[in-house]
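See below for the structure under consideration.
The values are calculated or read from the model by the stated rules, or taken from the named source; none is laboratory data. All of these numbers come straight from a predicted model, not from anything done at the bench. Positions of Cβ are generated from backbone atoms using ideal geometry, with glycine treated the same way; all protein chains shown enter the neighbour counts. Only protein heavy atoms, including side chains, enter the accessible area calculation; ligands, DNA and RNA are left aside. Shrake-Rupley method; radii C 1.70, N 1.55, O 1.52, S 1.80 Å.
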Amino acid sequence: MESNSENSLKKNEVGTMQGIFQSLSYVGPAADVAILLLGTVEFALVASPLAIIVAWLSYGLFMIMPYEFSKYKANAGSYYAYAAGSTKNGVFGPMALFSWMGENFTGQAFGILGLSAFVFAISTYISKIPYLWVVFAVIITLYMFILPYLGIKISTNYMAITGLMEVLLLIVGSFFIIIRLGSANSLRPFYLPTGGALGGFFFGVIFSIVDFTGLGTVTTISEEMKNSKRNVKKSILIAWLLAGLALIPATYALVVGWGLPSIASFAVSPDPGLLVFYKFMGPVGFVLLIIFTVNSYFSYAVSKTNAVSRIWYSAARDKVIFPKYIGQLHKVHKTPGNAMLVWLAISFVLDLIMGVIFGPVNAALILLTMTGICIVTVHIIGNTSLTFFSHNTLKKTGESNLLYHYIAPTIASIVGLVIIYFTIETNVVDYIAAPTMLNLAFFIISIIGFLWIVVGAVAVTLYYKFRHPETLENAGNYDAEVDIEENS
């Protein structure tokens, strides 16, 4: 498919560094350290560092798919475009896109509502001010629109500068704590639990895998990257390595710094990450972690806007699900402003309604349940698409690889299915055991997430397959690097 040059994203705008932090900012490592590690420690306890290592390695399997696909196509549609172009009839495209839309509408709660959750955890006084969280939600929503709207270079430069400082703080801070622990350091956090604790450990791993979500989103800015087919895969690998370097030592430092005998109290503390940083690094470390955690939420918000708007732009260009209006770019900034505006408006209203009903903290957790189900499904579809692409296309050129295109994606998909199963099963069991309003919400959102994929994604795919097969044949075929060569 050819792109209209007047409505094309700017070519050669960003490089590897910006690509790395487009991905890493989506992960939000400081926010993980301050808040999300609570879930890992709740289940894995002392073995949380080992759980994070296993989760990081497992997510590495998920990254094989975008790494491999990025060698052959530079398309802002990312996993949607990869899936659509993996078969001649393009049937995986609508399925991947609709599944990803489920994540798009709910995942922004991590930024819009998550910021309030973090600020409220710092001060019980602030958390008691009625609807103050709405002010935070408005501020971060405006921020996540304005900066990406002004251009890919501006937004990714911001993420690269602040993201690098964030990673350095976590690495330096973690090793400073480890050194100060002295004889208290222990190998126990790296021992695999036995007996009844083994189940909790693996649940902690499942919970932690989702913490690394977003490492492949550099693919969404591939049309704007220099030497995309070389630099995107490099960005994915470096972002994955940095995520491990930022989170693995930090998890160990927090767990041992908290105290192994009292680790059960870690998960019920409002701010264990901040408390450990304060204990070993004093007010300076405490304040720096607060600053970079707040920035981590803002960086995530910018990264997500970049990613979602470009996926929608690519799909609208292909005439799949979205109308032409969504695919219109700003005449000067060349950013998908219409897509940003529509997505953020829907997301903000959804977050506002859920926040009013359940409060910002619980609302974020509820919505992120569907986020996990949908994004893991997108990866499963992408993994399957890679196998089809290898069989249908790469086999003819001798580039098909049994390990990377068949075995590894299959293993990653099995891990993904396990995550989805335990996510839904846990919420169903919790509601049956304690039918509270909150547990009912988790139960309902799990079912909605399941139906969104099994009914919604399949229905959309069948619609295009039988009503608009010509649309699917062209979907996901655009390649920015080919476009550059043809117009140079």
The listed residue being within 21 Å of Ile209 (Cβ to Cβ), in contact with a His (Cβ under 8 Å, 6 or more places away or on another chain) and in a helix (DSSP H, G or I), out of Gly449, Gly416: Gly416
Number of the exception - Ile161 against (1) under 29 Å from Thr426 (Cβ atoms); (2) exposed (fewer than 15 other Cβ atoms within 10 Å of the Cβ); (3) of a type outside the set (Asp, Glu): (1)
Those residues of the stretch 218-232 which are in a helix (DSSP H, G or I) and surrounded by fewer than 24 Cβ atoms within 10 Å (Cβ to Cβ), in sequence order: Lys229, Arg230, Asn231
Pairs, first touching a residue at least 40 places away in the same chain (Cβ under 8 Å) and at negative phi in the stretch 79-99, second of a type in the set (Lys, Arg) and buried (at least 24 other Cβ atoms within 10 Å of the Cβ), C-beta under 8 Å, six or more apart: Ala81/Lys73; Tyr82/Lys73; Gly85/Lys73
In the stretch 327-343, the residues that are under 22 Å from the mean Cα position of the chain (by Cα) and open to solvent by less than 30 Å² (accessible area, probe 1.4 Å): Thr335, Pro336, Gly337, Ala339, Met340, Trp343
Residue among Ile346, Ile321 that alone is over 29 Å from Tyr131 (Cβ atoms), open to solvent by 10 Å² or more (accessible area, probe 1.4 Å) and in contact with a Phe, Trp or Tyr (Cβ under 9 Å, 6 or more places away or on another chain): Ile321
Identity of the residue in the stretch 181-197, of a type outside the set (D, E, K, R) and open to solvent by 60 Å² or more (accessible area, probe 1.4 Å), that ends up nearest to Gly257 (Cα to Cα): Ser183
Conditions (1) within 26 Å of the chain's Cα centre (by Cα); (2) in contact (Cβ under 8 Å) with a residue 12 or more places away in the chain: number failed by Ile291: (2)
Considering residues of the stretch 349-360 that are open to solvent by 50 Å² or more (accessible area, probe 1.4 Å) and either within 22 Å of the chain's Cα centre (by Cα) or of a type in the set (Phe, Trp, Tyr) (or both) only, the residue farthest from Ala316 (Cα to Cα): Leu352
Conditions (1) open to solvent by 30 Å² or more (accessible area, probe 1.4 Å); (2) over 20 Å from Ser296 (Cα atoms); (3) modelled with pLDDT of 90 or more; (4) not acidic (Asp, Glu): number failed by Leu142: (2)
Glu399 being assigned to a helix (DSSP H, G or I) and either crowded, with 16+ Cβ neighbours inside 10 Å or without any contact (Cβ under 8 Å) to a residue 12 or more places away in the chain (or both): no
Single residue of the stretch 9-42 satisfying the filter (small (Gly, Ala, Ser) and either crowded, with 24+ Cβ neighbours inside 10 Å or touching a Cys at 6+ places or on another chain (Cβ under 8 Å) (or both)) that is farthest from Lys233 (Cα to Cα): Ala34
Helices (runs of 4 or more DSSP H) wholly inside the stretch 89-131 that include at least 3 residues being modelled with pLDDT under 90, over 26 Å from Ser446 (Cα atoms) and of a type outside the set (A, V, I, L, M, F, W, C): 124-127
Candidate set from the stretch 233-277 (those that are modelled with pLDDT of 95 or more and over 18 Å from Pro49 (Cα atoms)); member that is surrounded by the fewest Cβ atoms within 10 Å (Cβ to Cβ): Leu237
Condition check for Leu472: assigned to a helix (DSSP H, G or I), surrounded by fewer than 19 Cβ atoms within 10 Å (Cβ to Cβ) and either touching a Leu at 6+ places or on another chain (Cβ under 7 Å) or not polar (S, T, N, Q) (or both): no
